[in-house]
Amino acid sequence: MGSRPFACCAGLFRGAGLVAIVLLLTLTAATAERRVALVLGNSQYQHAAPLANPVRDAQAMAERLQHLGFDVVSGFDLTKQQTQATVAQFAKQVRGADVALFFYAGHGLQVSGKNYLLPVDAALEDETSLDFEAVSVDFILRQMSRETSVRLVFLDACRDNPLADVLTKTAGIKGASSGLAEIAIENGGAGTLVAFAASPNQLAYDGSGDHSPFTTALLQHIGESNVSITEAMNRVTSDVFKATAGRQRPWANVSLTTEVVLHKVDLNAPLIVGQSSTPPAEASSGTRKTGGSSAQDDDQLALDVLRAKIPKLATDGPIFFDRPVKFGEPAIDGKSIAQLIKGEPLFSPVEGLDKSVWEGKHCDSCHEWNEARLCEQAKNFAANDVSVLRLQHPLGTRFKVALARWAQGGCR
């Protein structure tokens, strides 16, 4: 918990022949999975007013996915021919991938229940134009379904679309609409998630900021630590609904048979300590170590450097569950552990979470804490002090330090 509780901490400590220390807190699934993404964004339409955000949306999403271990095939402001070439490149790369992902931002429409994405050179005059100037969403889904396990689709393509009006008014096509239609999901692999910026047949907003409301929320939540993609979409829906005052509600069709987490963090990962190849140098005290010093001494000194960063309590005495604690932190001083877990967090337990979600809530309502359950967590804090106790906590960092000492005393 905390505003940035799972930040990857990798530090290289040198000096006095010290060791290289790496805190293995972040172990992403990307190290074991092959992930391939197709990212497209169209803004500069030749036969319709340009859109402000789609290219920026797609560029930001491509960068985000690269950080999450995806091989990204991307294209921005593409014509129909360029789009087909980019999809063909993606189709070759994605075959056999563990995770296949498609993100699109720009104009889209549906005709008689079929969804189409519009390249920048699309000029729709009649229904025949769809085959030659638009790109069928079903066509792209087929390319990403070949021998892949998990398929994730995000369509920020429900913007008010004048080209849909052209089909309706001039070609007399009654089924043309800017809102996209629900997509049927085929079985195969570990399943599929298709997420729309708005509910079926509804319009989405391009937004007045740097990104659309949907992409803004997706960028915030798609790579959160230890959060499944389905939970991430729940958070995206909540954010967009609030940002648009209830006028836009994202929607997802999910048939996943397994939990998909794009950023896995092992909070119990051990601290790996290995001897540096750097020759012995000056110690922090200013003295040079002699040849008689052991690697164990170097290791211990490095650990002490990290432990010095852990905040201290205002008391050296034992910690009890139901007795006041001198934390040395004014916001929680004089309260017991039992009182604090029944109280409110000092700030958001998840970065960016709206106050209405967490303010006024009790911590144990989320964690279902009781004395025995909390003791197990406290033992973990004590066993992994260097990895855990330096990180922020919504009840104050010293709250975790007190829990660790409580566990060391037998959780009395």
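The values are calculated or read from the model by the stated rules, or taken from the named source; none is laboratory data. All values derive from a computational prediction rather than experimental measurement. Virtual Cβ from ideal backbone geometry, glycine too; neighbours counted across all protein chains shown.
Annotations for the structure displayed:
- Taking the criterion of being part of a helix (DSSP H, G or I) and out of contact with any Ser or Thr (no Cβ under 9 Å at 6 or more places or on another chain), the residues of the stretch 91-105 that qualify are A91, K92, Q93.
- Only a single item in (1) touching a residue at least 40 places away in the same chain (Cβ under 8 Å); (2) within 24 Å of D57 (Cβ to Cβ) is not met by S136, and it is number (1).
Here's the yes/no breakdown for (1) of a type in the set (F, W, Y); (2) at pLDDT 50 or above; (3) not assigned by TED's automatic domain parsing to the domain that holds G189:
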| residue | (1), (2), (3) |
| --- | --- |
| P213 | no, yes, no |
| Q220 | no, yes, no |
| E224 | no, yes, no |
| T230 | no, yes, no |
| R247 | no, yes, no |
| V261 | no, yes, yes |
| N268 | no, yes, yes |
| G274 | no, no, yes |
| G286 | no, no, yes |
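- If you check L124, L101, L118, L78 for being buried (at least 20 other Cβ atoms within 10 Å of the Cβ) and at pLDDT below 90, only one passes: L124.
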